[in-house]
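The values are calculated or read from the model by the stated rules, or taken from the named source; none is laboratory data. The model shown is predicted, which means the values in this text are computed figures rather than measured ones. For neighbour counting, all protein chains shown are included, and Cβ atoms are generated from backbone atoms with ideal geometry for every residue, glycine included. Accessible surface areas use protein heavy atoms only, side chains included; no ligands, DNA or RNA. Shrake-Rupley method; radii C 1.70, N 1.55, O 1.52, S 1.80 Å.
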Amino acid sequence: MKTSGELSVVRAKPSDRAVLARVLRRAFGNEPAQTWLFPNRYVRAVASHLWFVAALNAGFDRGRVWCLADRTAVGVWFPPGATAELQGPAERWLRVLVSMAGGAERRRITLERALHEHRPIEQHWHLAAVGTEIHAQGQGRGRAVLEPGLDVCDSEKVLAYLETSEARSVSFYARLGFSVRSEIRAGTAPHVWCMVRTPRP
């Protein structure tokens with residue numbers, strides 16, 4: 001357990017999967033990329049839940065998942081060389097849903113191809129998702145839950161990398177040492193900022 005101020009950060013356990021998926025789904029409820037991929041809010045809610053369950057499955061298996069002890073914030077990281085960041089039954093159901101949700105598969109491929117071209121060729125840890133319960137935002141919880149992952153990047157001397165379609169998040173990540181490496185706008189897709197953080201001594 002790591003304490004950041006009064007916020008205790010712990011390694012999440014598979015038994016936390018359901019509650020942490022709900023935290024992430026609510027935190028990303030109006031994220032531009034998800035809204036673009038799934039314009040129908042009911043479909044988006046289901047797709048978002050499946051995505052985060054699948055991401056947590058993969059995070060527990062091959063990445064790192066940290067959360068606050070009260071489970072109000074969570075961060076999911078994948079190490080250098082990780083090729084699959086979704087797995088399990090939720091990932092298979094998500095593929096079915098995407099194939100059926102008019103145009104979602106085409107939009108997903110468009111965005112994924114654009115992102116792939118901008119991802120670092122250097123070794124890096126990928127911050128796949130971080131979210132805080134809506135009622136607990138603005139209290140330093142997101143920063144606290146990210147610190148262990150950033151410490152790993154520093155100790156291993158590798159980049160940290162993330163992608164965000166939330167303009168307001170750019171300044172938040174900048175305060176943690178990230179900088180914008182590139183920006184993407186693929187067709188009608190929302191603006192995406194690709195950000196990196198060099199390891200600190």
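Summary table
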read-out: Long-range neighbours under 6 Å by Cβ, at least six apart or interchain, first residue modelled with pLDDT of 95 or more within the stretch 60-71, second among the aromatic types (F, W, Y); value: G63/W77; G63/F78; R64/W77
read-out: Qualifying positions in the stretch 21-33 - part of a helix (DSSP H, G or I) and either in contact (Cβ under 8 Å) with a residue 60 or more places away in the chain or surrounded by 20 or more Cβ atoms within 10 Å (Cβ to Cβ) (or both); value: A21, V23, L24, R25, R26, A27, P32, A33
read-out: Among (1) out of contact with any Lys or Arg (no Cβ under 7 Å at 6 or more places or on another chain); (2) in a helix (DSSP H, G or I) - the single one P148 does not satisfy; value: (1)
read-out: Qualifying residue in the stretch 83-100 (condition: within 22 Å of G138 (Cβ to Cβ) and either acidic (D, E) or touching a helix residue (DSSP H, G or I) at 6+ places or on another chain (Cβ under 6 Å) (or both)); value: no
read-out: Inter-residue pairs, beta-carbon under 7 Å, first farther than 15 Å from L50 by Cβ and in the stretch 73-95, second open to solvent by 20 Å² or more (accessible area, probe 1.4 Å) and among the polar types (S, T, N, Q), 6+ apart; value: P80/Q123
read-out: The stretch 157-183, residues that are of a type in the set (D, E, K, R), touching a strand residue (DSSP E or B) at 6+ places or on another chain (Cβ under 6 Å), in contact (Cβ under 8 Å) with a residue 12 or more places away in the chain and closer than 17 Å to A33 by Cβ; value: E163
read-out: Qualifying positions in the stretch 96-124 - acidic (D, E) and in contact (Cβ under 8 Å) with a residue 12 or more places away in the chain; value: E122
